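Below is one structure, written out as structure tokens; comments come after it.
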Amino acid sequence: MRKPRALVRGDRIAVVAPASPFNRDEFDSGIVELRRLGFEPVFDDTVFDRKRYVAGEAHVRAAAIRSAWRDSSIAGIIGVRGGYGSAQLLPLLDVEEMRENCKPFIGYSDLTAILTFLTTTLGMVAFHGPMLAGRLGLGAEGYDEESFIAALCRRQPMGTLAPDGVEIVCPGEADGPLYGGTLTQLLASLGTACAFDPPQGYVLFLEEVAERPYRLDRMVTQLAQTGLLAQASAVVIGELPRCDEPSGDLTARAVMADLFADFHGPVIIGFPSGHTVRPAMTLPLGVQVRVVAAPGKRPTLVIEESAVE
């Protein structure tokens with residue numbers, strides 16, 4: 001995996017909107033937070049474009065990313081929010097430009113489409129981390145600053161991550177490179193030129209929001225039938241907010257526990273990255289990790305390899 005340069009104070013970070021439009025106040029708050037962290041946010045007025053449910057024409061959104069990727073003065077790229085639209089950009093991005101200019105790309109949710117493209121198509125480390133709207137803009141309530149800085153700014157492995165609220169579905173210990181993101185986006189990529197295509201023995205990270213239990217069942221069943229689940233050595237599942245049955249009769253965690261009960265390696269659930277009701281942690285995708293799920297002990301995700309150089 002190719003690794004981007006570690007970010008340092010003063011670096012210029014391009015702010016892009018690959019998916020849906022956003023609330024301007026949340027955008028402005030996110031810009032303030034990036035500056036507080038010591039970075040210089042860079043954007044142009046096209047980031048505020050709107051076309052129905054996306055943030056402007058696809059070619060304009062793609063051009064913003066391409067421009068940031070080519071610009072040697074831009075050290076990294078971060079999304080404003082998810083929603084829908086990132087997959088529209090993939091045919092419009094330039095593979096050679098991105099390979100020649102390896103940079104950290106930060107996002108989650110619908111931006112999983114781009115994270116997957118970078119990690120499993122181009123072989124570059126990318127970051128499942130907070131965006132401006134609803135995360136950085138909320139400060140400490142919205143994202144975990146320590147993991148954000150550790151992932152993007154330090155040339156050492158992040159080490160052990162053991163947040164509260166993570167539970168063991170299947171005990172065990174296994175390692176492998178970390179790949180994944182929002183489940184709907186992973187599945188939506190299948191059958192395309194930018195399909196989710198992790199290596200044998202990878203650690204699968206998956207998360208979701210507002211998908212009822214039967215939909216989670218459907219998606220995990222599809223993932224299993226593709227063979228991608230069998231390739232994984234371990235599974236790390238997010239918090240799954242707003243995924244319980246509205247009546248309260250069935251929880252997402254209970255359904256996931258059933259679906260993964262016979263998995264051949266460790267499975268943990270409740271990890272706060274992406275869609276979470278807690279401060280979102282940043283996870284580097286494409287680096288070596290270890291999942292440790294020992295009965296009677298707090299489960300951990302150990303990041304064993306640095307994500308930047």
**Q.** Close pairs from the stretch 191-211: first more than 21 Å from MET281 (Cα to Cα), partner assigned to a strand (DSSP E or B) and modelled with pLDDT of 95 or more, Cβ under 6 Å, at least 6 apart
**A.** PRO198/TYR179; GLY201/GLY176
**Q.** Residue count, the stretch 243-291 (criterion: touching a residue at least 60 places away in the same chain (Cβ under 8 Å), open to solvent by 40 Å² or more (accessible area, probe 1.4 Å) and either within 28 Å of ARG2 (Cβ to Cβ) or of a type in the set (A, V, I, L, M) (or both))
**A.** 3
Q. Since SER29 meets every condition but one in (1) in contact with a Leu (Cβ under 8 Å, 6 or more places away or on another chain); (2) under 21 Å from GLN185 (Cβ atoms); (3) small (Gly, Ala, Ser), which condition does it not meet?
A. (2)
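Residues checked against (1) in contact with a strand residue (DSSP E or B) (Cβ under 7 Å, 6 or more places away or on another chain); (2) outside any strand (DSSP E or B):
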position: LEU204; (1), (2): yes, no
position: VAL236; (1), (2): yes, no
position: GLY248; (1), (2): no, yes
position: ARG253; (1), (2): yes, yes
Q: Inspect all residues belonging to the stretch 67-79 and state whether any of them is more than 23 Å from VAL125 (Cβ to Cβ) and in contact (Cβ under 8 Å) with a residue 24 or more places away in the chain.
A: no
Q. Somewhere in the stretch 139-150, is a residue hydroxyl-bearing (Ser, Thr, Tyr), modelled with pLDDT of 95 or more and over 25 Å from PRO199 (Cβ atoms)?
A. yes
Q: Those residues that are in a loop (DSSP other than H, G, I, E, B) and more than 22 Å from LEU89 (Cβ to Cβ), I need them from the stretch 2-37; list them, please.
A: LYS3, ARG5, ALA6, LEU7, VAL8, ARG9, GLY10, ASP11, LEU37
Q) Yes or no: VAL209 open to solvent by 20 Å² or more (accessible area, probe 1.4 Å) and in a strand (DSSP E or B)? A) no
Q. Of the residues GLY191, GLY201, GLY165, GLY176, which is closer than 16 Å to GLN225 by Cα and of a type outside the set (A, V, I, L, M, F, W, C)?
A. GLY191
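Each row is one residue, and each column tells you yes or no for (1) open to solvent by less than 20 Å² (accessible area, probe 1.4 Å); (2) within 18 Å of ARG278 (Cβ to Cβ); (3) hydrophobic (A, V, I, L, M, F, W, C); (4) modelled with pLDDT of 95 or more.
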| position | (1), (2), (3), (4) |
| --- | --- |
| LEU161 | yes, yes, yes, yes |
| THR184 | no, no, no, yes |
| SER189 | yes, no, no, yes |
| TYR214 | no, no, no, yes |
| GLN225 | no, no, no, yes |
| ILE237 | yes, yes, yes, yes |
Q. ALA230: surrounded by fewer than 24 Cβ atoms within 10 Å (Cβ to Cβ), under 25 Å from LEU122 (Cα atoms) and either touching a Leu at 6+ places or on another chain (Cβ under 6 Å) or hydrophobic (A, V, I, L, M, F, W, C) (or both), yes or no?
A. yes
Q: Select from the stretch 80-106 the residues that are in contact with a Phe, Trp or Tyr (Cβ under 8 Å, 6 or more places away or on another chain) and in contact (Cβ under 8 Å) with a residue 60 or more places away in the chain and list them in ascending order.
A: VAL80, ARG81, GLY82, GLY83, TYR84, GLY85, LEU90, LYS103, PRO104, ILE106
Q.
Report every pair of residues separated by at least 6 positions or lying on different chains whose Cβ atoms are under 8 Å apart, first residue within the stretch 174-188 and touching a residue at least 12 places away in the same chain (Cβ under 8 Å) and part of a strand (DSSP E or B), second open to solvent by 40 Å² or more (accessible area, probe 1.4 Å) and hydroxyl-bearing (Ser, Thr, Tyr).
A. none
(Q) Which of the helices (runs of 4 or more DSSP H) found entirely inside the stretch 42-145 contain at least 2 residues meeting this: farther than 23 Å from LEU206 by Cα and open to solvent by 30 Å² or more (accessible area, probe 1.4 Å)? (A) 58-70, 95-100
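The values are calculated or read from the model by the stated rules, or taken from the named source; none is laboratory data. Nothing here was measured: the structure is a model prediction, and the numbers come from that model. Cβ: placed from backbone, ideal geometry, glycine included. Neighbour counts: every protein chain shown. What goes into the accessible areas is simple: the full protein's heavy atoms, side chains included, and nothing from ligands, DNA or RNA. Shrake-Rupley method; radii C 1.70, N 1.55, O 1.52, S 1.80 Å.
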